[in-house]
Each structure stands twice: as C-alpha cells, then as structure tokens.
Amino acid sequence: MATLGNTPRPAYVYDTETDTWVPIGVGAHTHDDLYINQTVIDAKGDLLVGTADNSYARLAKGADGTVLVADNTTQTGLAWQPYAAQVVAGKNAVINGGFDNWQRASSFTNLHGYTADRWLATGATAVANQVISRQTLTPGDLSGTGLKHFLRHAVSGLNGATQISLQHRIENVETFSGQTVTLSFYAKADSARNITAVLSQHFGSGGSADAGGLQNIISLDTAWARYSITGNLQSITGKTVGASSFVYLAIVMPLSTFTIDITGVQIESGPVATPFSRAGGTIQGELAACQRYYYRTTSTGAFAGIGGNGFTYSTTEANIQVQLPVPMRTYPSSVDLSNIRYVDSANSAANISQIAMWQIPASVTNATVVDFKAIGTGFTSGRYVFLQTSAGNGYLGFSAEL
C-alpha cells in the first residue's frame, strides 16, 4: 500500500466484472486456489492426482517400463503395472484357468480326484450327488475376455460331507514368495451364495508346515461378475522346502445344495486384477502346459491305434513304450487305461487287463518317453506288439501330478 506523508494510501486495480477500481487486497479473491504447493513434489516424474473433490495427492513415478492402470483400491485411483502385462503368457500362474482342457472327461459324478486338467475335487470323502462338468459360455457372455468355457459345480445332496472344494496346485512353493498377489475369477450361482477363497503355501514332503496366505469370503450373485482379492504371501526365507512343494488355491464351496459356475481364474503378481490371460498364452499352449502334469491319448472308435509299441517277453507280459507330446514334470508315477488291447506281428490280439510302470528311473527328469509293462493273457513271447482300442472310448493316460 502506498504512503503519502504519514498516511498510507491504497493502490487500486481495475475490476472488469464490476467496472470499478478496487483497492488491492480488498474484497473476495480466489487466485490463490490456482497455485499448487510445490513442496508436494519430491522427485522427477512425480504426478499430482486427484483423490476427491478439491483434493489431490502425490503419486510417485513407477519403475522403468511400467504403465498406469486404474485401481480403485488405492488413494489416487491409479497404480503402476509392468508394461504389456495385460494379456501375456506366463502372467497367470493358474494353468487351465479358462477350463478349456478336460483330458480325463467332460463330466464327473461323485468324484474325489482330478476333474478338469489341473483342478482337483477335494474333501474328506467324495461328495454324493455331486456333478462337475464342462460348459460352454453363451455368445455375448463375458465378451472381450477370450473365455470360451466354464466349470459348473452342482451339488444336490451332502450325504454327510463336511467340506466341498476345488483345488489348484501351482508348482514350486517359491512362486510369489514374499510378494503381493491378486486372485481374480468370474463366477455366478443359482442364488446368492458365499464361497471362500484360500491361497496357501505347501512346503512338500519333509518341508516346513503349511503357511496360510490369503483367505476371503466372496459373495456370489446370479449374474456373471468378476471378483478379486489381494494380499501377501509369506517369504520362504528360513523355511525348509521339501519334495513336490506348491502354492495351492482352494475354492471352498457352501455346505448346502448349490450350482456354481466359475471361469477365468487368475493369480498374478501385483495389487491389481489385470485382464484374464491363459498361462500358456494360447489354447494350444495351455494344453501343452496341462500335459506337463497329465497326458491322455483317447480314441472313440473300436480297434483304433492309441499309441505305444514294443515286444512281448513272456506269455503274459509285454514291454511297451509311448512317446509323449511334451516333457512331463517328472517321470509319471501312475498310468490309467480303459478298453485297450495289443496286436502282435502275427496279427494275434488280446485284451490288456493291467499296466504297471517299470521301476521309475531316478535319473529321468522331464520325461519324454514312458516305459511300462502291459499284462494280459495269450501273449506269444518274442513278438512285436502295438496298442489299440478294444471297444469304443478307449484311453491310456499318464500322471505326473503334484
């Protein structure tokens, strides 16, 4: 303010809105709101992001090569994620999360064991009146996700069951050790239902005790929706890792009658559920990933070749070898079969009643050839033999599951 003699004199500024001159510092002013407190900025690349009406906060620059994605769980509504991590092979640790591959069968009733590839129906006993089946999405459902199929789990009676769940095992307990992880999936139910998702660490035979991780109750509705939970898995530092360790996901179902559909299961590193991506990148890659743990060759016609050839070395046994399409996780521990017979070089044929693995070679890893003995009757020693189906729907399967 100007001073004339001993008397302060105000300076004036012209106000075009009121067409008057007003003393500086007099009246309402809002120009201070246009300025940002520079002390909020700490480093190169910092962003100022709105957090609510008339408020903002600093968002630190992400690591090199990361991009911003929307994330309503954070203060700023944004989070940094690896570039190109939206749909990429290997991002999703769940093999067959889209339920495309069902090598064993497309429907299972009252089963305690594997259903869709890599998915295990678990519980104290097999649940009576239970059907787990492969279903196809209706065109328009979950469009844009790349998903084609879903698993339907239907229970019409408990018969004393104390737990009903699906489990998926991710090889190697070191996976996601000490990291923030996000589980996401699409699901719907016949009515409002609660399920519980559990993600834990199993340290294998001779290893440390299991360590709990995420556990959340999720409320399902009758329409398809995507659900996600985020949390931290423990570091394995100081733990003892035994044989065949894994991280396991358990989806615990209601102890009631229900029908629940699920697909697009994904477990990934980071605090945000990114778009669903198959672990193998493509449907073909996903099948190969499944066959690392289980491989089945199947024929729906009688007397069709089903793979495998060798020679008879007695009247009841033959040595057979089968070439596998991909290396398995380890040498197969078991084999299953149905409606299989042998045909020898003299065109004689007989049904095979049993298959037994040869002693598993301790030195064999990532097996590409399986060697076993076929047991039956009526063999002639010293002849070349090959395998074929003895009736419709014959199969031969090998397991290297965790």
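Values quoted throughout were computed directly from the atomic coordinates according to the rules given, and no laboratory measurement underlies them. These figures come from a predicted structure and were not determined experimentally. In this analysis, Cβ positions are derived from the backbone assuming ideal geometry, glycine residues included, and neighbour counts consider all displayed protein chains.
Here's the thing: no lysines lie within a cross-link span of LYS239, going by alpha-carbon distance under 23 Å and ignoring same-chain residues fewer than 8 apart. Size descriptor for the chain, Kirkwood hydrodynamic radius: 25.7 Å (Cα pairs only, one decimal). For segment 107-291, averaging the sequence separation of C-alpha pairs within contact (under 8 Å, six or more residues apart) and dividing by the residue count gives a relative contact order of 26 percent. In terms of the mean number of neighbouring beta-carbon atoms within 10 Å, the peptides 197-205, 152-160, 136-144 order highest first as 197-205, 152-160, 136-144. Subtracting the Cα-Cα distance of GLU17 and SER333 from 0.36 nm times their residue separation leaves 105.1 nm of extension gain. Label sites at TYR56 and ALA154, each approximated as a point 7 angstrom past Cα along Cα to Cβ, lie 5.6 nm apart. Between THR66 and SER314, the FRET efficiency estimated from the beta carbon spacing at R0 = 41 angstrom works out to 0.05. Take the Cβ atoms of ASP221 and SER381, set R0 to 56 Å, and the FRET efficiency comes out at 0.30. Each semi-axis of the equivalent ellipsoid for segment 107-291 is √(5λ) with λ an eigenvalue of the Cα gyration tensor; in descending order they amount to 26, 21, 16 Å. Per-residue extension of 0.36 nm, minus the Cα-Cα distance of ASN351 and GLN38, leaves a gain of 104.3 nm for this segment. Taking the Cα centre of the chain as origin and assigning +1 to Lys and Arg Cβ atoms and -1 to Asp and Glu Cβ atoms, the resulting dipole is close to 1420 debye. The lysines whose alpha-carbon is closer than 29 Å to the alpha-carbon of LYS44, local same-chain residues fewer than 8 away aside, are LYS61.
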